[in-house]
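Input: a single structure, listed below in structure tokens.
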Amino acid sequence: MIGTLALVAGVAGCGGEDSGGGKQAQPGTFEGKGPITWATGKDTSGYIKSALDKWNTDHPNEQVRLIELPEAADAQRQQLVQNAQTKSDAYTIVSTDVVWTAEFAANGWIEQLPENELPLDKLLKPAIETAKYFNKLYAAPWRTNGGLLFYRKDLLDAAGVTSAPTTWDEMKQACQKVQAQNPGIGCYAGQLEKYEGLTVNFSEAVHSAGGVVVNDQGKPNVNTPEAKQGLDFLAQGLSSGVIPKDAITYKEEEGRRAFQDGKLIFHRQWPYQYALANATDGSSKVNGKFAVAPLPGSSGPGKSSLGGLNLAISKFGKNKGSALEFIKFITSEAEEKVQLEKTSEAPVYTALYDDPGLQQKFPYLPMLKASVANAVARPRVVKYGDTTLAIQEEAYAALTGKKSSDQALKDLQSKLESIISK
């Protein structure tokens, strides 16, 4: 259930008592103790509730109240931005997509965190980089993410396909063999609805064809043959039927349900799908029938977009001392292991990927570690909101046939140059 709050204007004041009786922290300090809130996306796994129960039992005077934001990342960002722009103290801790750090830090919406109080030396380096702005830490890495290819191993085996595809052409050929025996099943889908997932999937396709969206110098460079090959993989996939027409409406959950209902051979998805698709309670028709592989690309293994969530402390929140302590708890290695075991979400601790016991339960961990290590970040720009909207608009126009791939990329190049140069 999505929490609904009145947005309270005004910055947390200096000194005094908050409504929960805790001493309020000065801006930029982490001394205030008392009740706090945590604004994050909808908890579909139940893990967050169990973690909060554990914390709240041990900290009766520092209770954490969960505020569930909408399911889609775009809607989450909009709500968090609105809250920050009104300088509301309604949110203490905020879950931030890994590409929001620059925007939130540059606008002064989140606090710089003390690096010496977090075990950064034990974390995956790509996850750490997503939490920094101008080399200063503004969030605690909590979940990282790399895209994976979920596939129906049982159907590939029955069709004589002995290994997962490493290229787009191999995937199409495997589909033809499977569909010859199962004519009603769809070949491939990702997240192609007009939202943040489309930015992720478009970026992956471009990078997996050898192109870039924004280069190392921060300059957009999407009007290229490589970017066209990546966009054509998606657009021609939809027009030819390799990607089912329904996939244009898929976000993460719609695609997950389609895969679990046995409607897809291949599905590009985040690792959280693993535990849900293996459920034995009747909610999944494919439990025990699928496997996981790296994403395919144009001429070899593809490149994932780097995903994940970090935890930041609102500049305007109360009781920041309690907030920092809770972040240390929820991002601890012990707690991240619990989260992995319950949800199959990608942890940020290197050691958890190398744990033999966890690898036995989650055999995809080594390839997930490699996916994260080789992942390419979406554009890390201050005006990320405008950037991702431009990508979504032009990619969607190509996917729905309203523009050619050439025209969409030409227009996108112009838009990104205008946005990023300002």
Please give the residues of segment 33-71, grouped as numeric ranges, whose backbone N is less than 11 Å from a label point set 7 Å along the Cα-to-Cβ vector of Ala106.
none
Can you give me the solvent accessible area of Lys415 with a 1.4 Å probe, rounded to the nearest 10 Å²?
60 Å²
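How would Phe362, Phe30, Phe134 rank on accessible area, largest to smallest, probe 1.4 Å? Write down the numbers at each step before the final one.
Values: Phe362 5, Phe30 50, Phe134 165 Å².
Solvent-accessible surface, decreasing: Phe134, Phe30, Phe362.
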Heavy-atom accessible area of Glu226, protein chains in place, probe 1.4 angstrom, given in Å² to nearest 10, is 70 Å²
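Might you report the magnitude of the Cβ-based charge dipole of segment 153-199 about its Cα centre, with Lys and Arg at +1 and Asp and Glu at -1, to the nearest 20 debye? Intermediate results must be reported in sequence, preceding the final value.
Working: 4 positive and 6 negative charges, 22 e Å.
So the dipole magnitude of segment 153-199 works out to roughly 100 debye.
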Placing +1 at every Lys and Arg Cβ and -1 at every Asp and Glu Cβ, with all other atoms neutral, what dipole size does the chain have around its Cα centre, in debye to the nearest 20?
520 debye
Among Pro165, Gly108, Thr130 - extreme Cα towards positive end, dipole of segment 39-196, charges at beta-carbon
Pro165
Taking a probe of 1.4 Å and leaving out DNA, RNA and ligands, segment 222-263 shows per residue an accessible area in Å² of 44 Å²
In nm, spacing of pseudo-spin labels at Ser421 and Lys361 (7 Å Cα→C-beta vector)
5.3 nm
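Arrange the residues Met171, Met367 by how much accessible surface each exposes, largest first, with a 1.4 angstrom probe. Intermediate values should be presented prior to the final figure.
On the way: Met171 0, Met367 55 Å².
Most to least solvent-accessible, the answer reads Met367, Met171.
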Name the residues of segment 352-378 whose amide N is less than 13 Å from a point 7 angstrom out from the Cα of Ser45 along the C-beta direction?
362
Mark the label point 7 Å from the Cα of Arg257 along Cα→Cβ and return the residues of segment 276-304 whose backbone N is within less than 19 Å of it.
276-287
Kindly write out, for segment 232-247 in residue order, the coupling ³J(HN,Hα) from the Karplus curve 6.51 cos²θ - 1.76 cosθ + 1.60 (θ = phi - 60°), rounded to whole Hz, with x marking Gly and Pro.
5, 4, 7, 5, 6, x, 5, 5, 8, x, 4, 9, x, 4, 4, 5
Residue by residue through segment 252-266, what is 3J(HN,Hα) from phi via Karplus (6.51 cos²θ - 1.76 cosθ + 1.60, θ = phi - 60°)? Round to whole Hz and write x for glycine and proline.
4, 6, 4, x, 4, 5, 5, 5, 5, 8, x, 9, 10, 7, 10
Note, segment 277-290: 3J(HN,Hα) by Karplus (6.51, -1.76, 1.60, θ = phi - 60°), whole Hz, Gly/Pro = x, goes 6, 8, 4, 10, 8, x, 7, 10, 8, 10, 4, x, 10, 10
SASA check, Lys194, accessible area w/ 1.4 Å probe, all protein chains in place, rounded to nearest 10 Å², comes out at 100 Å²
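Name the chymotrypsin sites (Phe, Trp or Tyr not before Pro) in segment 153-238 that are in a loop by DSSP and that have at most 11 other C-beta atoms within 10 Å, would you? Could the numbers behind the result be given before it?
On the way: sites: Trp168, Tyr188, Tyr195, Phe202, Phe233; in loops: Tyr195.
Listed in order of number, the matching sites amount to none.
Would you tally the net charge around Gly255, using a Cβ to Cβ cut-off of less than 12 Å, leaving Gly255 out, and scoring K and R as +1, D and E as -1?
Numbers: positive: Lys251, Arg256, Arg257, Lys263, Arg268; negative: Glu193, Asp246, Glu252, Glu253, Glu254, Asp261.
Within the 12 Å Cβ shell, the charges total -1.
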Mind ranking Ser298, Ser283, Ser322 by accessible surface for me, highest first, 1.4 Å probe?
Ser283, Ser298, Ser322
So who's got an amide H within less than 5 Å of the one on Leu137, skipping anything under 5 residues away but keeping other chains? H placed 1.01 Å off N, in plane.
Leu113
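The values are calculated or read from the model by the stated rules, or taken from the named source; none is laboratory data. Remember, predicted model here, so these are calculated numbers, not experimental data. Cβ atoms come from the backbone with ideal geometry, glycine included; neighbour counts cover every protein chain shown. Accessible surface areas use protein heavy atoms only, side chains included; no ligands, DNA or RNA. Shrake-Rupley method; radii C 1.70, N 1.55, O 1.52, S 1.80 Å.
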